[in-house]
Amino acid sequence: MAQYHSTRALAPTYTAKQAIRRGIAADGGLFVSDELGDTAIDIETLADKDYFELAREVLGALLPDYTADEIAACVDEAYRGTFASDEVTPLVPLKKAPNADGVPTFVLELFGGPTSAFKDVALQMLPRLMARTGTGETADEKIMIVTATSGDTGKAALAGFADAPGCGITVFYPEGKVSRVQELQMSTQEGGNVAVCGVRGNFDDAQSAVKRIFADRELAARLADAGVVLSSANSINVGRLVPQVVYYFAAYAQLLRAGAIQVGDAAEFCVPTGNFGDILAGYYAKRMGLPVSRLVVASDKNNVLFDFLTTGTYDRDRPFFTTTSPSMDILISSNLERLLYFASDGDCELVSSLMASLNESGSYTVPADVLARIQEVFGCGWADEDQVAAAIKSCWDANGYVIDPHTACGYHVLEELPAAPNTAARVLLSTASPYKFPRAVARALGLFCPPDDFACMKVLEKATGTTAPAQLANLQGKPVLHTDVVDIDGMTAYVERAATTA
């Protein structure tokens, strides 16, 4: 049975259920398993399997202490009837792909779930996995999910955990630094176990504070006395990360069924990412046997990952930019720590020292051999605000296809980078509905933008012949239920109050 341990120490070890329940290791590291890749997925049979079959196979390999019946129940509860497409994550061909040179290019639509963002794929699954982590010792223990969001994770987590038995959820978001639609999605959330709070600061401030909350042993002791344990819905939680691995295999299966590739052909994936979880799932898929020619990191103006992947130095001490792609406005990419562990052949001492350096001085530099291993797999690029807007317009003009600003970062990077050698198909992961950011998209298309975002939705619908998802369009009339705002140093008290009163 696979054992999970911290990226910063080989002991203690935990089962997958224990790792999911804890969320983050006691030393601040992220849970990893040295058995990643020991079980390969048979790509010869991918084309014959639907999303549900693939999810059962991939999750069963990564979370082996869950029974087959438990995994099957989780998959059905998470995905059956909850996504707009039977494919769950459908693949859409681009008629005129950017810089393709004959390589067919597709968009993987990850936003068909209940909150119109890719986070739904994992956060419809995580509560089901979490619900099955209890044992005789923890059966009466309440789990308080504490999460910082840069925009999309918050609502997706709220939608997954609202009124979930035995759970409460507290979501922090950077006040004024998410889109109006994203804010309304969170502030109108119903549920007796839900707390939503703005934070005076940016996402990195909030995420760092959440990590400190998890490491606060005095807080943990007080909560334990109240029968509460903290866990996370961010992609630092391995139960949030592993469901994302499935859609890489699902994309490949759809390419096979479409006749775009043959079994064994390599695909390139371009992924808009800030916290590095979405693209790390692609690395997991590659380790599990998926033929991947390259994983391309697409950043916005907060291009800390681009600088790291090109120089080997990670430096968070730089200007923070608020952009039209707020879910990527991140300077501390937490999941990169997992990649550092695997790229260094499991050198916990190195990872621990790098993270200490990041915490103490704001930067670190990886050894040359570690950087070389990373660069063998990962490419990178980034887009400034003008380039994001131009990419939205370019994609619409060339393909009649509307993309959001995060996806546009990836589209621009594809325009700039030729396909990697031996690439049979390119796949751009589309992480959110354009209607989550109607003002930015409408402006990029040269449309008149009324003052109200919901009026912008109607303008966008009329101009493009597309339709806003009902769960977004209907936000306009919903009452705001959450108006709390705190400073960074008030987050711990807020969590304790929510955990002991919900």
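The values are calculated or read from the model by the stated rules, or taken from the named source; none is laboratory data. Remember, it's a predicted structure, so these values are computed and weren't measured experimentally. All Cβ positions, even for glycine, are placed from backbone atoms using ideal geometry, and neighbour counts span all protein chains on display. Remember, those area values only see protein heavy atoms, side chains included, never the ligands or the DNA or RNA. Shrake-Rupley method; radii C 1.70, N 1.55, O 1.52, S 1.80 Å.
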Can you find even one residue in region 453-476 that is touching a strand residue (DSSP E or B) at 6+ places or on another chain (Cβ under 8 Å) and open to solvent by less than 50 Å² (accessible area, probe 1.4 Å)? no
Which residue is nearest to residue 405 (Cα to Cα), if the candidates are limited to region 148-188 and must be hydrophobic (A, V, I, L, M, F, W, C) and touching a Gly at 6+ places or on another chain (Cβ under 6 Å)? 178
Is it true that residue 160 is under 16 Å from the mean Cα position of the chain (by Cα), within 19 Å of residue 113 (Cβ to Cβ), assigned to a loop (DSSP other than H, G, I, E, B) and touching a residue at least 60 places away in the same chain (Cβ under 8 Å)? no
Contact list please: Cβ distance under 6 Å, first residue in region 244-259 and more than 16 Å from residue 272 (Cα to Cα) and open to solvent by less than 10 Å² (accessible area, probe 1.4 Å), second residue modelled with pLDDT of 95 or more and among the hydroxyl-bearing types (Ser, Thr, Tyr), pairs at least six apart or on different chains. 250/51; 250/89
In region 80-136, which residues are in contact with a Ser or Thr (Cβ under 7 Å, 6 or more places away or on another chain), of a type in the set (A, V, I, L, M) and open to solvent by 10 Å² or more (accessible area, probe 1.4 Å)? 94, 97, 103
In region 1-31, what residues are open to solvent by 70 Å² or more (accessible area, probe 1.4 Å) and of a type in the set (A, V, I, L, M)? 1, 10, 11, 26
Looking at this structure, is residue 443 open to solvent by 20 Å² or more (accessible area, probe 1.4 Å), closer than 18 Å to residue 469 by Cα and out of contact with any strand residue (DSSP E or B) (no Cβ under 6 Å at 6 or more places or on another chain)? no
Where residues in region 361-375 are out of contact with any strand residue (DSSP E or B) (no Cβ under 9 Å at 6 or more places or on another chain) and without any contact (Cβ under 8 Å) to a residue 60 or more places away in the chain, which of them is nearest to residue 295 (Cα to Cα)? 373
Just need a number here: residues in region 308-337 that are assigned to a helix (DSSP H, G or I) and open to solvent by less than 50 Å² (accessible area, probe 1.4 Å). 7
Could you please find all residues in region 293-311 being more than 15 Å from residue 374 (Cβ to Cβ) and free of Cβ contacts under 8 Å to residues at least 40 places away in the same chain? 302
For region 186-221, give me each residue that is in contact (Cβ under 8 Å) with a residue 40 or more places away in the chain and small (Gly, Ala, Ser). 187, 192, 195, 198, 201, 206, 208, 209, 215
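Which residue, of 65, 34, 48, 69, is surrounded by fewer than 22 Cβ atoms within 10 Å (Cβ to Cβ) and within 24 Å of residue 343 (Cβ to Cβ)?
34
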Which numbered condition residue 369 fails, given (1) of a type outside the set (A, V, I, L, M); (2) under 29 Å from residue 209 (Cα atoms); (3) at pLDDT 95 or above: (2)
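For (1) more than 28 Å from residue 132 (Cα to Cα); (2) of a type outside the set (Val, Ile, Thr); (3) buried (at least 24 other Cβ atoms within 10 Å of the Cβ); (4) in contact with a Leu (Cβ under 6 Å, 6 or more places away or on another chain), each residue gets a yes or a no:
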{"site": "152", "(1), (2), (3), (4)": "no, yes, yes, no"}
{"site": "155", "(1), (2), (3), (4)": "no, yes, yes, no"}
{"site": "158", "(1), (2), (3), (4)": "no, yes, yes, no"}
{"site": "175", "(1), (2), (3), (4)": "yes, yes, no, no"}
{"site": "185", "(1), (2), (3), (4)": "no, yes, yes, no"}
{"site": "190", "(1), (2), (3), (4)": "no, yes, no, no"}
{"site": "204", "(1), (2), (3), (4)": "yes, yes, no, yes"}
{"site": "218", "(1), (2), (3), (4)": "no, yes, no, no"}
{"site": "224", "(1), (2), (3), (4)": "no, yes, no, no"}
Of the residues 358, 350, 340, which is in contact (Cβ under 8 Å) with a residue 60 or more places away in the chain and open to solvent by less than 50 Å² (accessible area, probe 1.4 Å)? 340
